[in-house]
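Written out below as structure tokens is the structure these notes cover.
The values are calculated or read from the model by the stated rules, or taken from the named source; none is laboratory data. All values reported here derive from a predicted model rather than from experimental measurement. We place every Cβ from the backbone using ideal geometry, glycine too, and count neighbours over all the protein chains shown. Heavy atoms of the whole protein, side chains included, go into the accessibility calculation; ligands, DNA and RNA do not. Shrake-Rupley method; radii C 1.70, N 1.55, O 1.52, S 1.80 Å.
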Amino acid sequence: MMVSALIERTLAETFPIRNGVFVAVVGPSGAGKDTVIGYAKQRFAGETRLEFVRRVITRPSDAASEDHDTLADAAFAEAEADGAFAICWDAHGLRYGLPADVDWAVGNGHVAVANVSRSVLPALRERYANLAVVEITAAPEILAERLAARGRESRGEVLARLARSTTVTLSGPDVTSIDNCGAREIAGERFAEVLRKAMAVSDLSGLIG
């Protein structure tokens, strides 16, 4: 689902986008971001105010990775030039993008939920008036175990990912940290509470607007 470059240019004149909420899920690889998001999708099945954003990645989809849309590098660059993405970033040798109609969803009072890189948080804060950051964390030994189990990277690449994860700290009133070392339901319910609050903020913004 994409919007035209014309709509993208129109939206650019009205930043930050109001009415809804963007929930940015961040954290190191192996923390279980997709697992927590998946729990929330099941928990809120049928909730029309929530939009769980499907990412576009320059990596083929497989059973061991998230369910995403795939574009080759050249096609991704062309889509970006055409205004197909609300936000995009590079990480781990890949390109990632969120479809531009995320802007429409937030502008129309919905809560958009997406797994993003911590590097794009400044851009998201400029783009959306209501931003909630959810940091999913886990102990280093659990991160290492989960990354190794995925089998997508060498030991050296796993260690490099872990080293990068220890160099970034988040703070601020819009940041919620959730430890995902235990049962899926524990972190999942904490995340569900964040989404309930985001929907309440969205409802209030709609009344004020």
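Within the range 130-149, the set of residues being open to solvent by 30 Å² or more (accessible area, probe 1.4 Å), in contact with a helix residue (DSSP H, G or I) (Cβ under 9 Å, 6 or more places away or on another chain) and not polar (S, T, N, Q) comprises PRO140, ALA144, ALA148.
When every residue of the range 89-97 is checked against the conditions, none turns out to be part of a loop (DSSP other than H, G, I, E, B), touching a strand residue (DSSP E or B) at 6+ places or on another chain (Cβ under 9 Å) and open to solvent by less than 40 Å² (accessible area, probe 1.4 Å).
Every residue, every condition in (1) in contact with a His (Cβ under 6 Å, 6 or more places away or on another chain); (2) open to solvent by 70 Å² or more (accessible area, probe 1.4 Å); (3) under 24 Å from CYS181 (Cβ atoms), yes or no:
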| position | (1), (2), (3) |
| --- | --- |
| VAL36 | no, no, yes |
| ALA40 | no, no, yes |
| PHE44 | no, no, yes |
| PRO60 | no, yes, no |
| ASP69 | no, no, no |
| ALA74 | no, yes, no |
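Out of curiosity, is GLY172 in contact with a strand residue (DSSP E or B) (Cβ under 8 Å, 6 or more places away or on another chain), modelled with pLDDT under 95 and open to solvent by less than 60 Å² (accessible area, probe 1.4 Å)? So GLY172 fits the description; yes. Quick one: how many residues across the range 98-115 are open to solvent by 20 Å² or more (accessible area, probe 1.4 Å) and in a helix (DSSP H, G or I)? The total comes to 3. For the range 13-34, the tally of residues that are open to solvent by less than 70 Å² (accessible area, probe 1.4 Å), of a type outside the set (A, V, I, L, M, F, W, C) and within 20 Å of GLU126 (Cα to Cα) stands at 3. Exactly one residue out of ARG118, ARG127, ARG161 is among the basic types (Lys, Arg), surrounded by 14 or more Cβ atoms within 10 Å (Cβ to Cβ), under 19 Å from the mean Cα position of the chain (by Cα) and at pLDDT 95 or above, and it is ARG127.
Every residue, every condition in (1) among the polar types (S, T, N, Q); (2) in a helix (DSSP H, G or I), yes or no:
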| site | (1), (2) |
| --- | --- |
| ALA24 | no, no |
| SER29 | yes, no |
| PHE76 | no, yes |
| ILE87 | no, no |
